[in-house]
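What follows is one structure encoded as structure tokens, with my remarks underneath.
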Amino acid sequence: MKKAIATLVASLFATAAFAQTPAAPAASAPAKAEAAHTKAVAKAEAKETKAVVKADAKEAVVAADAKADVASAKADTKATKAKAHHKASKAKVKADAVKADAAVAATPAK
């Protein structure tokens with residue numbers, strides 16, 4: 001009887017050990033799916049990062065263009081103001097000359 005029980009126990013352990021081996025490849029399927037998921041997530045994050053960097057670069061270019069436009073506008077404004085001041089100065093000198101001529105003409109001759 002001891003031999004029969006020992007054989008039954010041994011066969012029970014043997015079948016239990018063999019029953020576990022097919023489960024190992026089944027466990028790798030979720031691991032493969034998880035690896036594929038991780039890869040897809042990493043790829044999406046890389047794509048997002050690339051898009052963000054590209055958008056930042058575009059924004060920097062636009063900002064630089066805007067700064068150049070502002071600088072150009074300021075230079076144009078300075079030139080326009082300088083011309084206006086120059087014209088005003090010329091007009092004042094001309095007005096002073098006309099006033100002086102009128103004063104000379106209005107003075108009676110002695």
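The values are calculated or read from the model by the stated rules, or taken from the named source; none is laboratory data. What you see is a predicted model; the values in this text were computed from it and never measured. Please note: Cβ atoms are built from the backbone with ideal geometry, for glycine as well, and neighbour counts cover all protein chains shown. The protein model used for the area step is the full one, side chains on, heavy atoms only, and it has no ligands, DNA or RNA in it. Shrake-Rupley method; radii C 1.70, N 1.55, O 1.52, S 1.80 Å.
Of note:
- The criterion of being at pLDDT 85 or above, over 29 Å from the mean Cα position of the chain (by Cα) and of a type in the set (G, A, S) does not hold for A100.
- From the list A10, A91, A16, A6, the lone residue that is loosely packed, with under 10 Cβ neighbours inside 10 Å and either in a helix (DSSP H, G or I) or modelled with pLDDT of 85 or more (or both) is A16.
- Residues satisfying the stated conditions in the range 54-88, i.e. open to solvent by 100 Å² or more (accessible area, probe 1.4 Å) and either at pLDDT 85 or above or not acidic (D, E) (or both): K54, K58, E59, K67, K74, K78, K81, K83, H85, H86, K87
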